[in-house]
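Structure, as structure tokens:
The values are calculated or read from the model by the stated rules, or taken from the named source; none is laboratory data. Fair warning: this is a prediction, and the values are worked out from it, not measured in the lab. Cβ sites come from the backbone with ideal geometry, for glycine too, and all protein chains shown count toward neighbours. Quick note on the areas: whole protein, heavy atoms, side chains included, nothing else; ligands and nucleic acids left out. Shrake-Rupley method; radii C 1.70, N 1.55, O 1.52, S 1.80 Å.
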Amino acid sequence: MTNTTLEITKLAYRWPGRAGFSLIVPHLSVAQGESLLLLGESGSGKSTFLSLICGTILPDKGRVDIAGTDIAALSGGVRDKVRAEQIGVIFQQFNLLPFGSVMDNILLPLHFAPARRKRAADATTEASQLCAALGLPAGVTSAKATTLSVGQQQRVAVARALIGQPPLIIADEPTSALDANSQVAFLDLLFEQANTHNTSLLMVSHDARLGERFDRVIRMEDIAQIERAAA
Ligand code: ADP
Ligand code: MG
């Protein structure tokens with residue numbers, strides 16, 4: 001049996017209030033080292049699903065096991081720590097700290113994750129190595145994140161997700177703001193880094209053309225029952 005990095009079981013969530021959007025995911029698992037692309041139209045609940053996996057929102061029912069721990073059953077502080085230890089997250093808008101340097105931004109997840117910090121024995125050296133591997137110019141680590149180009153900010157977001165080798169990388173439409181050439185370069189870097197460390201990769205997108213690079217491609221409608229309240 002292969003090791004399972006992520007396992008979703010009987011997950012149910014409804015956004016409170018007027019939106020009336022609900023999501024049920026009976027089952028999904030991602031094996032160690034596996035790359036999975038989850039495709040879905042805009043508004044199909046992809047970002048909601050990723051927030052449930054990260055534990056930034058809590059399901060009404062069901063389990064979200066990350067490396068064997070049900071993140072949905074943990075109290076807030078413990079959940080934050082497990083997320084920081086186990087998951088590298090690349091958001092749609094990168095979410096870099098505007099006033100922090102590139103180095104501050106890359107090291108951020110390690111503050112909440114002692115085991116992950118331990119794996120990055122010399123964290124600033126690993127951060128610099130990641131920057132170099134990701135094609136960022138030498139010396140960029142002391143620059144303010146907001147002074148970088150969009151493509152460079154995205155590489156910083158990737159370095160922040162990869163530092164300390166979390167077992168799972170989650171990426172929410174990370175290529176949507178990029179031109180075709182930058183998309184290819186970005187995915188090359190992400191896969192190269194993930195393969196080196198046998199990291200599982202779960203990416204969501206509305207772009208089916210990305211599919212050929214992934215071990216497995218699934219569609220939101222195949223794993224999830226979605227309901228929207230009538231307008
Ligand atoms: P996708 O990422 O596939 O575009 P989302 O998960 O962002 O889809 O949104 C799916 C639906 O969930 C939205 O149409 C909206 O009804 C609801 N939703 C998303 N975010 C929120 C929120 N913060 N508060 C209330 N409803 C939300
Ligand atoms: Mg989204």
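When Glu221 is tested against the conditions (1) among the acidic types (Asp, Glu); (2) under 19 Å from the mean Cα position of the chain (by Cα); (3) within 16 Å of ligand 1 (Cβ to nearest atom); (4) open to solvent by 40 Å² or more (accessible area, probe 1.4 Å), the lone failure is (2). Residues of the range 154-209 that are open to solvent by 10 Å² or more (accessible area, probe 1.4 Å), within 16 Å of ligand 1 (Cβ to nearest atom) and more than 23 Å from Thr4 (Cα to Cα): Glu173, Ser176, Ala177, His206, Asp207, Ala208. Among the residues of the range 54-101, the ones that are in contact with a strand residue (DSSP E or B) (Cβ under 6 Å, 6 or more places away or on another chain), part of a helix (DSSP H, G or I) and of a type outside the set (A, V, I, L, M, F, W, C) come to 1 in all.
Results for (1) within 26 Å of Arg119 (Cβ to Cβ); (2) surrounded by 14 or more Cβ atoms within 10 Å (Cβ to Cβ); (3) modelled with pLDDT of 95 or more, shown as yes or no for each residue.
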site: Met1; (1), (2), (3): yes, no, no
site: Thr5; (1), (2), (3): yes, yes, yes
site: Leu11; (1), (2), (3): no, yes, yes
site: Arg14; (1), (2), (3): no, yes, yes
site: Ser29; (1), (2), (3): yes, yes, yes
site: Leu36; (1), (2), (3): yes, yes, yes
site: Ser75; (1), (2), (3): yes, no, no
site: Ile90; (1), (2), (3): yes, yes, no
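Taken over the range 28-53, the criterion of being in a loop (DSSP other than H, G, I, E, B) and near ligand 1 (Cβ under 9 Å from one of its atoms) is satisfied by Gly40, Glu41, Ser42, Gly43, Ser44, Gly45. One residue stands out in the range 121-145 among those that are within 21 Å of the chain's Cα centre (by Cα) and under 13 Å from Arg160 (Cβ atoms): the one that is modelled with the lowest pLDDT, namely Leu134.
If we keep just the residues of the range 41-67 that are of a type in the set (Gly, Ala, Ser) and more than 16 Å from ligand 2 (Cβ to nearest atom), which is farthest from Met220 (Cα to Cα)?
Our first condition is that a residue be of a type in the set (Gly, Ala, Ser); within the range 41-67, this holds for 42-45, 47, 51, 55, 62, 67.
Still in the list and also more than 16 Å from ligand 2 (Cβ to nearest atom): 55, 62, 67.
Working: Gly55: 19, Gly62: 18, Ala67: 23 Å.
Among those that are of a type in the set (Gly, Ala, Ser) and more than 16 Å from ligand 2 (Cβ to nearest atom), it is Ala67.
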